[in-house]
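Remarks on the structure that follows.
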Amino acid sequence: MKKLLLLFFLILNGCSFKSLVLPNLSFIIADRVDSTLHLYNEQEYEVRDAIKKLLREEKERFKKIQNYFNAISIQEVDEQKGYQFFADNYYAIALKVNRILAKQMARLDKKQLKKFQKTIKDDNEEVQKRAKEKKPKDFYKRYSYFFGELTGEQKNLINDNMSLFRDLAKRRIEERLKTQRKLNQILELKDIEKKEKLIIELFDQNADRSKLTPERKKSMAQFKDFVKSLTPSQVEHFQKKRLEIDKWFEAYFKYY
């Protein structure tokens with residue numbers, strides 16, 4: 001219903017996508033949290049206010065991310081340094097988000113908890129199904145979004161690395177299930193404050209992407225090989241895409 005309302009307002013006002021999404025970003029994120037946690041109205045309002053506060057507090061961080069992204073020379077990018085930059089900033093934002101989520105999770109009643117666990121079970125089945133069905137063309141789309149139409153050589157490079165992509169997906173699913181098992185144990189506790197504290201510790205640990213696993217190192221090497229193969233038209237496509245993303249940053253700064 002809420003998604004239908006957003007669509008209705010978009011049609012009614014004839015707004016651009018950015019002008020609809022960004023002023024309502026806290027509403028959209030809270031709605032996504034609600035669809036998983038099955039919050040009551042007052043809980044959803046609390047999440048919405050907390051997200052809006054976070055978006056205002058993190059403007060300087062997103063400005064730093066914008067500047068870094070705009071300064072990237074795609075053919076000379078340092079993959080490891082770039083990864084570390086985004087991992088560090090992701091972690092800093094995740095720490096705040098984790099506290100917003102933990103507060104609500106620790107206070108779920110039995111009815112909400114039952115619905116939450118079913119939603120997670122259904123989501124896991126969908127994630128595992130999608131992972132098994134992944135084809136090379138799905139990865140072509142990810143690269144072509146930033147670089148335009150791929151060459152035959154680039155498609156072959158992706159084909160040759162499908163086992164790596166599957167290993168990465170398998171590792172993410174394993175970590176996801178491991179975290180959820182620990183979370184379910186925590187949610188069985190009676191002490192709300194203890195639950196909240198343990199959920200925060202679990203989520204903070206899970207959000208740390210600073211460690212370069214063997215799979216991540218291989219992924220960086222694969223990306224480096226891909227970047228070497230970029231054509232002038234693909235570099236131009238990337239620059240145009242970067243301008244589009246920059247407009248989203250500027251719109252965010254305008255609203256928050």
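The rows are residues; the columns are (1) closer than 30 Å to Glu244 by Cα; (2) touching a residue at least 40 places away in the same chain (Cβ under 8 Å).
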site: Tyr91; (1), (2): yes, yes
site: Lys96; (1), (2): yes, yes
site: Gln112; (1), (2): no, yes
site: Lys134; (1), (2): yes, no
site: Arg142; (1), (2): yes, no
site: Phe146; (1), (2): yes, yes
site: Gln154; (1), (2): yes, yes
site: Arg166; (1), (2): no, no
site: Arg171; (1), (2): no, yes
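Would you mind finding the one in Ala106, Ala92 that is farther than 17 Å from His38 by Cβ and of a type in the set (Gly, Ala, Ser)?
Matching residue, one of Ala106, Ala92: Ala92.
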For this session: Give region 73-89 a look and list any residue that's in contact (Cβ under 8 Å) with a residue 12 or more places away in the chain and loosely packed, with under 15 Cβ neighbours inside 10 Å, or say none.
Result: Ile74, Gln75, Val77, Gln80, Gln84, Phe86, Asp88
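Since every read-out is calculated from the coordinates, none of them should be taken as a lab result. All of these numbers come straight from a predicted model, not from anything done at the bench. For neighbour counting, all protein chains shown are included, and Cβ atoms are generated from backbone atoms with ideal geometry for every residue, glycine included.
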